[in-house]
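Data block below; observations after.
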Amino acid sequence: MNAPFHADIADAPVPARVDWLTASDGVRLRAAVWGAGAKPLAAIFPGRTEMIEKYGPTVTDLLACGLDVAVIDWRGQGLSDRLCDPPIRGDVPDFADYQKDVQSYWHWLDGVSTQPRHILAHSMGGCIALRALVTGLPSRSVAFSAPMWGLTLPAVTLAAVAPLTAMLRMLGQDTREVPGAGPEFDLWTYPFERNELTRDPDRYAWAQAQLRTNPELRLGAPSMRWLAAALREMAALKTCPAPAIPAICGIGTGDKIVSQDACRARMAAWPHGDLTEYDGALHELLLERPATRDDFLMRVTALFQSVG
C-alpha cells in the first residue's frame with residue numbers, strides 16, 4: 001500500500017491496493033481497490049464529506065455478491081489534498097475540477113482491472129458521475145443513490161448565491177463558509193434525533209465514531225464558491241440528455257437535502273432507467289435501516305450483474 005487505510009474503522013477487508021494518485025493539476029488523491037481484477041468492478045463515487053472508509057460495509061456486501069470494488073477520496077475530502085483554509089471547509093472553485101479526479105481514477109483503474117466497469121454514485125458523486133458519463137466516460141451501467149441533481153434550497157436563496165459569491169470573490173472572500181451553515185454539518189457531534197441522513201441509529205453512531213476516532217477525515221460546511229459551482233453544474237446538467245447506458249436511481253421520500261423532483265424528472269427521461277422511492281427514508285440509503293439498504297443494494301448488484 002502506498003497510501004494509508006484506517007482498517008480499524010472501516011468494517012471491511014484490507015484493500016488489495018491503496019494508492020496515491022495525482023490529478024492533471026497536481027492535486028494528490030487517495031484511491032482503494034478490493035479484488036484481484038478478475039471480476040466486474042463497481043467504482044464508487046462518494047458524496048460530499050465522505051471518505052473511503054465510510055464505504056466499508058458497502059464494499060463488504062458488494063464483494064460478497066461477486067464484484068470487485070474501488071473507492072476514491074475526491075479532492076478536498078478524506079485523505080486527498082485539502083484545498084481550503086481551514087482544511088475542514090469543503091471547497092472547489094469549479095465542479096470541472098472533480099472531472100480531473102475522475103480521469104485520474106479511471107486511468108488508475110485501467111491498470112488495475114480489464115473487467116467490465118460500473119458506477120455506484122451517491123449525492124454529490126451522482127452529479128460528478130452524470131457529468132463524466134455525458135462527456136463520454138466508459139461505464140457499462142450506473143446506480144445512483146440520492147444524486148445531487150438539485151438542492152432543496154428556497155428560491156430566494158438560490159437566486160442570491162451567484163451575486164453574493166461574485167461580490168465575495170472581488171473581496172477575496174469567496175472561500176468563506178456558506179452563511180447560516182450550522183452544526184448539522186458536523187456529523188461527529190450532531191444528535192441523531194435531528195439528523196437528515198438516516199433513520200438507523202446504529203449506522204449513524206458508527207459513522208460518527210469513524211470521525212471521532214480520526215479527526216483528519218472530517219469535513220464540515222461548504223464554501224460559498226463550492227455552492228455557487230454546484231448550482232452552476234446542476235443547472236448545466238439539466239440540459240444534457242441521458243447517457244445511453246442502463247441506470248437505476250434510489251431516493252428516500254424523506255430526503256430534505258437533494259431535490260426529489262429533480263431525480264424524478266431525470267429518471268423519467270432516462271431510456272432503460274428505473275427509479276425506486278423508499279417511503280420515509282432519508283438521504284443516505286446505504287446508511288439506512290436494513291429493509292431500505294438491503295433492497296437498494298440488491299437492485300444495484302442485480303443491475304451490475306445483468307449487464308455484465
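Structure notes:
- Highest-first packing order for the peptide set 52-64, 213-225, 167-179 is 52-64, 213-225, 167-179, based on the mean count of other beta carbon atoms within 10 Å.
- Plainly put, the chain has a radius of gyration that is 0.93 times its Kirkwood radius, both from alpha-carbon atoms, as the Rg/Rh ratio.
- Scattering profile of the range 142-206 at q = 0.23, 0.24 Å⁻¹ [log10 I(q)/I(0), Debye over alpha-carbon scatterers]: -1.07, -1.09
- Both radii are taken from the alpha-carbon atoms of the range 6-64; with Rh as the Kirkwood radius, Rg/Rh is 0.97.
- The modelled label-to-label distance between Asp85 and Trp206, using points 7 Å beyond Cα along the C-beta direction, is 3.9 nm.
- Debye log10 I(q)/I(0) at q = 0.11, 0.16, 0.19 Å⁻¹ for the range 1-133, Cα point scatterers: -0.34, -0.74, -1.07
- Nearest-0.05 FRET efficiency for Thr114 and Ala64, computed from C-beta distance (R0 25 Å): 0.65
- Nearby aspartates and glutamates by direct alpha-carbon distance to Lys256 (threshold 19 angstrom, same-chain neighbours under 8 apart not counted): Glu50, Glu184, Asp186, Glu193, Glu196, Asp200, Glu277, Asp279, Glu284, Glu288
- Listed by chain and number, the lysines placed with their C-alpha closer than 25 angstrom to that of Lys100 are Lys54, Lys238; residues fewer than eight positions away on the same chain are left out.
- Shape summary: the range 203-308 maps onto an equivalent ellipsoid whose semi-axes, from the alpha-carbon gyration tensor, are 26, 22, 14 Å in decreasing order.
- Taking the fewest neighbouring Cβ atoms within 10 Å as the starting point, the ordered list for Glu233, Glu288, Glu193, Glu277 is Glu193, Glu277, Glu233, Glu288.
- Calculated FRET value between Thr253 and Asn2, using beta carbons and R₀ = 35 Å, to 0.05: 0.25
- Rounded to the nearest 5, the antiparallel percentage of DSSP beta bridges internal to the chain is 35%.
- Vicinal HN-Hα couplings computed from phi for the range 5-14 (Karplus, 6.51 cos²θ - 1.76 cosθ + 1.60; Hz; Gly/Pro x): 9, 8, 4, 5, 10, 8, 6, 8, x, 5
- Site pair Ala265 and Val14 shows an inter-label distance of 4.9 nm when each label is modelled 7 Å from Cα along Cα→Cβ.
- Rounded to the nearest 0.05, the FRET efficiency derived from the C-beta distance between Thr276 and Ala166 at R0 = 30 Å is 0.15.
Read-outs throughout are calculated quantities, based only on the coordinates presented, and are distinct from any laboratory measurement. Computed from a predicted model, the values in this text were never measured in an experiment. Quick reminder, even Gly has a Cβ in these numbers, built from the backbone with ideal geometry, and neighbours come from all protein chains shown.
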